[in-house]
């Protein structure tokens, strides 16, 4: 059965991971720009990374029959330096017309600071001015609840942005309701220790329904699992959910949101 | 919707092991260091949140997550000192 992993950092994964994902039915991925585990020292470093996301990675994915798309931004973990952030944001437009770019992401907050918020708002402005989709990162652990509230408030202040074109990611039991109630799409990230397990994601589907909700692995260089989406599908099957329900949450829902960009394709 | 029996059949042993792991972790903390040394703020927050498991009020996962969340509402002055998160708020720790 086919699936889409709508948030995974393939630049950090091996070719064997692509092969395993393809064997499990992955037909398309989307890769948000993120933190490399160290702070880049210049806007040129980000430009190189945007080249990797728009040229190198689609070619790697295609070797396994997987469609690769990406989101561009300066991520919240490197947003504390407003000067560098301005330089990076100025670099982004020259990459936006590349054929696998879906929008701006993963922007958001990390430690909920004033500078992070200002950089988030500047990138929302870039997305709104060009009518782009937005993928939002919410903070980790104890910072998530406060950060999610700040993010929703910031987006609401920009009347140009349609919540139906924004995916707020990494929701858990204490943030999913406020995201869905405000009209946004919500993403559940399946991690071994933090965020959601496959079991808890299935619980959230059973509690909140299937509307505007997806699952992703957010696989990266840290403790994560590039096969988390098919494992969640297995968990739902174990509980007796129908093949139609499982396909909806792992294929049809991401297809519906991502197809708001004419560039998104899930066919081989 | 599954029956309570079915849920127990599927998940009981997995969560029995997790509960014993948590108990063993707290024993390990007790054995470590000097007897008078207070537990780390994260451990205190964990013990406090564990009370949710037995209060019978439902929505336990949401309420545990809320108890382990930063309760402040104003933006932080700076994020320059750290990028990481600890898993429990320093404010309000017992």
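Bear in mind that the values in this text are calculations on the coordinates, not laboratory data. Since the model is a prediction, treat every value here as computed from it, not as a measurement. Please note: Cβ atoms are built from the backbone with ideal geometry, for glycine as well, and neighbour counts cover all protein chains shown.
Helical content of chain B, expressed as a calculated mean residue ellipticity at 222 nm, amounts to -16000 deg cm²/dmol (DSSP H runs of 4 or more residues, -39,500 (n - 2.57) each, divided by residue number, nearest 500). Relative contact order, whole percent, for the stretch A:26-170 stands at 22, derived from Cα pairs under 8 Å and 6 or more residues apart. Judged by the mean number of other Cβ atoms found within 10 Å, the most tightly packed of the peptides A:105-113, A:221-229 leads the ranking A:105-113, A:221-229.
Here residue B:72 and residue A:19 are evaluated by their C-beta separation; at R0 = 56 Å the FRET efficiency comes out at 0.75.
Counting 0.36 nm for each residue step from residue A:203 to residue A:221 and taking away their Cα separation leaves a gain of 3.8 nm. Note on residue A:159 and residue A:181: with the Förster distance fixed at 22 Å, the Cβ-Cβ geometry gives a FRET efficiency of about 0.75. Across chain B, the relative contact order, built from alpha-carbon pairs under 8 Å that are at least six residues apart, equals 32 percent. Neighbour counts of other Cβ atoms within 10 Å put A:104, B:7 in the fewest-to-most order B:7, A:104. Measuring r between the beta carbons of residue B:37 and residue A:97 and using R0 = 41 Å, the FRET efficiency lands at 0.10. Partner shielding of B:60-72 amounts to 5, given as the average count of beta-carbon atoms from other chains within 10 Å of each residue beta-carbon. Each part gets one Cα centre, and for the stretch A:77-149 versus the stretch A:202-258 those centres are 25 Å apart.
Computed over chain A with a Gaussian network model linking Cα atoms closer than 10 Å, the most mobile of A:205, A:257, A:38 is A:38.
From its DSSP helices (H runs of at least four residues, each -39,500 (n - 2.57)), chain A gives a residue-normalised ellipticity at 222 nm of -11000 deg cm²/dmol. Between residue A:242 and residue A:125, full extension at 0.36 nm per residue minus the direct alpha carbon distance yields a gain of 38.0 nm.
Averaged across the residues of B:83-90, what count of C-beta atoms belonging to other chains lies within 10 Å of each residue's C-beta?
On the way: counts 9, 6, 9, 4, 5, 2, 5, 1.
The mean count of partner-chain Cβ atoms within 10 Å per residue comes to 5.
Between residue A:38 and residue A:267, the contour length at 0.36 nm per residue exceeds the alpha carbon distance by 78.9 nm. Residues A:50, B:41, arranged from fewest to most other Cβ atoms within 10 angstrom of their Cβ, appear as B:41, A:50.
By the count of neighbouring beta-carbon atoms within 10 Å, fewest first, B:74, A:55, A:247 end up ordered B:74, A:55, A:247.
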